[in-house]
Amino acid sequence: GSKPLQEGEVRVRVRAVGLNFADIFAIMGLYSATPKGTFTPGLEFAGTVSEVHPSVTKKGKGWAPEVGSQVMGVTRFGGYSTVVNTSAA
């Protein structure tokens, strides 16, 4: 299962990912920012919001993601997943 959402996060059902040199270098062990041990590559993702933490609101922002919103995002690895929990900001 997925990790519980933290305050300010949304869950995204990933439909597409970006592939770039940093990902390839990380997989080959040539990227200095690669996490130690086992990791999931992927710095860019796009998909559909499937869950929103109750703390995520439109208050003062004009827009906030809702279930069904199509979004893209960047993350420090982990984007090559079927589901990503990420900041709604």
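The values are calculated or read from the model by the stated rules, or taken from the named source; none is laboratory data. Predicted, not measured: the structure shown is a model, and the values here were computed from it. Cβ sites come from the backbone with ideal geometry, for glycine too, and all protein chains shown count toward neighbours. The area values use the complete protein model at the heavy-atom level, side chains included, leaving out ligands, DNA and RNA. Shrake-Rupley method; radii C 1.70, N 1.55, O 1.52, S 1.80 Å.
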Where SER50, SER2 fall by accessible area, highest first, once all protein chains stay in place (1.4 Å): SER2, SER50
Segment TRP63-PHE21, extension gain: residue separation times 0.36 nm, minus the distance between their alpha carbons: 11.8 nm
Probe 1.4 Å, protein heavy atoms only - accessible area per residue of the stretch 23-89 in square angstrom: 64 Å²
Length-normalised contact order for the stretch 1-52 - Cα pairs under 8 Å, 6+ apart - percent: 56 percent
Which of VAL84, THR57, GLY68, positive extreme of dipole for the chain (C-beta unit charges): THR57
Taking only Cα atoms of the chain, radius of gyration then Dmax in Å: 14.1, 44
Cα-centred dipole magnitude for the chain, charges only on beta-carbon of K, R (+1) and D, E (-1), debye, nearest 20: 120 debye
For the stretch 36-50, 3J(HN,Hα) per residue [Karplus equation, 6.51 cos²θ - 1.76 cosθ + 1.60, θ = phi - 60°, Hz, x = Gly/Pro]: 6, x, 6, 8, 9, x, x, 9, 9, 8, 8, x, 10, 5, 10
Accessible surface of the stretch 27-89, 1.4 Å probe, proportion on carbon and sulfur as whole %: 55 percent
